[in-house]
1. Which of 45, 128 has the fewest other C-beta atoms within 10 Å, and how do the rest follow up to the most?
2. Could I get the Rg over Rh figure for region 1-60? Both from C-alpha atoms, Rh via Kirkwood, rounded to two places.
3. Can you compute log10 of I(q)/I(0) for region 62-211 with the Debye formula, treating each Cα as one identical point scatterer, at q = 0.19 Å⁻¹?
4. Taking a quarter of the surface of the convex hull around the Cα atoms of region 17-118, what do you get in nm²?
5. May I ask you to sort 96, 78, 163 by Cβ crowding, counting other Cβ atoms within 10 Å and putting the fewest first?
6. If we count other beta carbons within 10 Å of each Cβ, what is the order of 114, 177, fewest first?
7. Multiply the residue separation of residue 202 and residue 163 by 0.36 nm, subtract the distance between their alpha-carbon atoms, and state the gained length in nm to one decimal.
8. Please work out whether region 94-150 counts as rounded, prolate or oblate from its C-alpha gyration tensor, where a ≥ b ≥ c are the square roots of the eigenvalues and a/c under 1.5 means rounded, while otherwise a/b larger than b/c means prolate and anything else oblate?
């Protein structure tokens, strides 16, 4: 039995650690969105996370580090959601449609988080070091790379007309990220309707068909 006690204790400690970090990041997401990064103190973060201030510093050295880990975690989760959506389809254009819907769904379910990501990726701030900003942009580029991969598959299979898949991926990525900015501005929209509109424009264009 003794041999099972150490792994069990370690697992409990790991769960407790993950729970505390999660509480800190959740508190940061809420407070940063409500009041702005500069107007939130470490004391207030600790209180919102129901931890002692020293408990917060045990996991993060600064408020900026909390912000960076919050944004990185969000981008990780977004990429994971897009990957799962793509892997659930076989045909390239079905993969692209699933990716678009998954992105809009994640946006709808994580409005505050995506608002922060949009803000700090686009607006220079001393809160993040250049190295951290580059790292976050690299995480974000993973989503665009996934779109590129799907479009290359579509081009190779003949589902996509003669367009440069890499350039098209940047355009689609821009459309998806612009919807993040819209949500961050407080504009409400049914995520399924938004996804459907994006897909309709991509596949059929905006020009009225003449019979």
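FYI, it's all coordinate maths here, none of it is from the lab. Because the structure is a prediction, the values reported are computed rather than measured. Neighbour counts are summed over all protein chains in view; Cβ atoms, including those assigned to glycine, are modelled from backbone coordinates with ideal geometry.
1. If I rank by nearby Cβ atoms, fewest first, I get 128, 45.
2. 1.18
3. These q points yield log10 I(q)/I(0) values of -1.18.
4. 6.8 nm²
5. If I rank by nearby Cβ atoms, fewest first, I get 163, 78, 96.
6. Fewest-to-most Cβ neighbours within 10 Å comes out as 177, 114.
7. Numbers: separation 39, 0.36 × 39 = 14.04 nm, distance 1.25 nm.
Going from the current span to full extension adds 12.8 nm.
8. On the way: a/c = 4.06, a/b = 1.58, b/c = 2.57.
In terms of gyration-tensor shape, oblate.
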